[in-house]
Each structure stands twice: as C-alpha cells, then as structure tokens.
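Enquirer: Let me give you the structure first, and then I'll get to my questions.
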Amino acid sequence: MVFRAKATDEYELARRKVTYFVNACDSREIVFTKNATEAINLVAYSWGLSNLKPGDEIITKVAEHHSAIVPWQIVAQKTAAVLKFVNLNQDEVPDIGKLKELLSKKTKIVVVHHVSNMLASVLPIRDIAQWAHDVGAKVLVDACQSVQHMMVDVQGLNVDFLVASSHKMCGPTGIGSLYGKIDLLSSMPPFLGGGEMISDVYLDHSTYAEPPSRFEAGTPAIGEAIGLGAAIDYLSGIGMQTIHDYEVS
Ligand SMILES: Cc1ncc(COP(=O)(O)O)c(C=O)c1O
C-alpha cells in the first residue's frame, strides 16, 4: 500500500512538472497519454466526434506530421466534416496568410504544429489562436518539436489543446501529454473506457471521473511519467531560454 501511495504521489508530481513546464494554470489540464499521436486521437475522437457536424471545417496544413492528419481524416469521414489543407508558400513554409483567409464561421478547429518536423518553420501560434477564436474555432497545437527547444506557455499562447511527446524531450518512450483548457476537458466524453476513468459502474451504464482521470483509462504508465518528470527537471535545470538562445546563436 505504501508503494502504491508513493507511485501515485510521484505520478502526480510528474503531472505537476508538465503543468509548470507548459505554464498550464491547473494540473487537471494535463492528461498523460501513450504518446503525442494518442493525445491527438483523444481530442479528435472525444472532442471531434461530439462537436463536429456535416459541413463543419477542420483546418490544417500539408506540412503536419501524419499523426496530426490521420485522426482528423477519420473523424471527418465519420462526421461528414470537411478537412481543409493550407499549402506551403513560395518560401516553402506554411502559408499563414492563406490559413487566415480560410477561417470562417464554418471552422470548428485549427490543427497546427508549433515547429515543423519537416521544415523547422516556427508558426505564430498566439496570432493563429486569436484568429481561430475570432471565428469561434478551437486550436490544437502539435508542440512535439517545440517544447524541448523553447519556452512554451499555453496561457500566453491561449491555445485550447497542446500535445507533446516525452521521447522528443530526453524522456522515455511510451508517454506523452495533452494540455486542454479545463472547461473543454470537462465537457468532453471519455476516449477509452475502464480503470481509473470511472466514477461508478453499473451494469447498464457508468459515470466518469473528472479530468484528467476521465481520459486515463487502465493502469497508467507510471514509470514513464516519472521519467518524463526527470527529463523536465533536466531541461528546466539548463533553462529553456538558455537552450533556445544556444540553438539560435
Ligand atoms: C511534429 C510531430 N508530431 C507528432 C509526432 C508523433 O509523436 P509520437 O511518436 O509521440 O506519437 C512527431 C514524432 O515524430 C512529430 O515530430
């Protein structure tokens, strides 16, 4: 029992480390997932299936990692929502002006990388979030290639969802994270069922735990989460500004 309590304490400490690392305001906004791909699928299935209607638009870019494209293809097929892609401009970076033009009242979510794994382009996430919010859309940021290179502040950027992956951050494989604004996570149904995500189970229905447990079905990857926490200690020990300054110098 003592070991179980210690494991739980360390797991929750790792969650708080991710919370501070991305400057979320509440550790309930951090969901541990198997990887970034699972985090994107969680949003696509849970938020997407319950919010997208036929004709709604999902805006993304051709330069996204396939982990950020395929879940939305599947959900678009299931909901008859329309997946729209922004191309590269003449400088071979994502055409942000085109993205802005595509936004309309039909847009329900914008899915963008922060830093591209292919092009190394760094996108103006705060502006994109503002434009998306102006038309009533949500923003999901794939931060797999940014959190380990620069300070990422989800409150400052005002994004709705942000995903990251431990193995890109000097941490172990098998663990990733989803940041979601607490009001959004609270409104979303579970993605997977069973284990810690339940509140009460009856034979004909179940009630669900509050976030983040609602989205962490089964026995969590406790050791991996603690390893991610250690990687965050390492990166924070150097300092994200120091890392960024070194890389751009
Ligand atoms: C930009 C980007 N998004 C998503 C992923 C997928 O991450 P994971 O392997 O944690 O699912 C990667 C991994 O290469 C990536 O570089």
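Enquirer: Going through the stretch 11-20 one residue at a time, which ones are more than 16 Å from the ligand (Cβ to nearest atom), surrounded by 15 or more Cβ atoms within 10 Å (Cβ to Cβ) and in contact (Cβ under 8 Å) with a residue 40 or more places away in the chain?
Expert: Passing the criteria: Y11, A14, R15, K17.
Enquirer: So how many residues does the stretch 152-175 have that are within 13 Å of the ligand (Cβ to nearest atom), open to solvent by 20 Å² or more (accessible area, probe 1.4 Å) and in a helix (DSSP H, G or I)?
Expert: 2
Enquirer: Which condition from (1) in contact with a helix residue (DSSP H, G or I) (Cβ under 9 Å, 6 or more places away or on another chain); (2) touching a residue at least 40 places away in the same chain (Cβ under 8 Å); (3) more than 25 Å from T219 (Cβ to Cβ); (4) more than 16 Å from the ligand (Cβ to nearest atom) is the one that G55 breaks?
Expert: All conditions are met except number (1).
Enquirer: Would you please name the residue that is surrounded by the fewest Cβ atoms within 10 Å (Cβ to Cβ), looking only at residues in the stretch 23-74 that are closer than 19 Å to L103 by Cβ and among the acidic types (D, E)?
Expert: Result: D56.
Enquirer: Only one of (1) within 16 Å of the ligand (Cβ to nearest atom); (2) loosely packed, with under 13 Cβ neighbours inside 10 Å; (3) outside any loop (DSSP other than H, G, I, E, B) is not met by Q77, so which one is it?
Expert: Q77 satisfies every listed condition except (1).
Enquirer: Cβ-Cβ below 6 Å, separation at least six or inter-chain, first residue in the stretch 155-168 and more than 20 Å from W47 (Cα to Cα), second within 12 Å of the ligand (Cβ to nearest atom) and of a type in the set (S, T, Y): which pairs?
Expert: Pairs that qualify, where the first residue is more than 20 Å from W47 (Cα to Cα) and the partner is within 12 Å of the ligand (Cβ to nearest atom) and of a type in the set (S, T, Y), are H167/T173.
Enquirer: Which condition number in (1) open to solvent by 10 Å² or more (accessible area, probe 1.4 Å); (2) within 16 Å of the ligand (Cβ to nearest atom); (3) outside any loop (DSSP other than H, G, I, E, B) is the one that N117 fails?
Expert: Single failed check for N117: (3).
Enquirer: Identify, by number, the condition in (1) outside any strand (DSSP E or B); (2) free of Cβ contacts under 8 Å to residues at least 40 places away in the same chain; (3) of a type outside the set (K, R) that L83 doesn't meet.
Expert: (1)
The values are calculated or read from the model by the stated rules, or taken from the named source; none is laboratory data. Small disclaimer: the values here were computed from a predicted structure and weren't measured. Using ideal geometry, Cβ is built from the backbone for each residue, glycine included, and neighbour counts are taken over all protein chains shown. Surface areas here come from the heavy atoms of the whole protein model, side chains and all, with no ligands, DNA or RNA. Shrake-Rupley method; radii C 1.70, N 1.55, O 1.52, S 1.80 Å.
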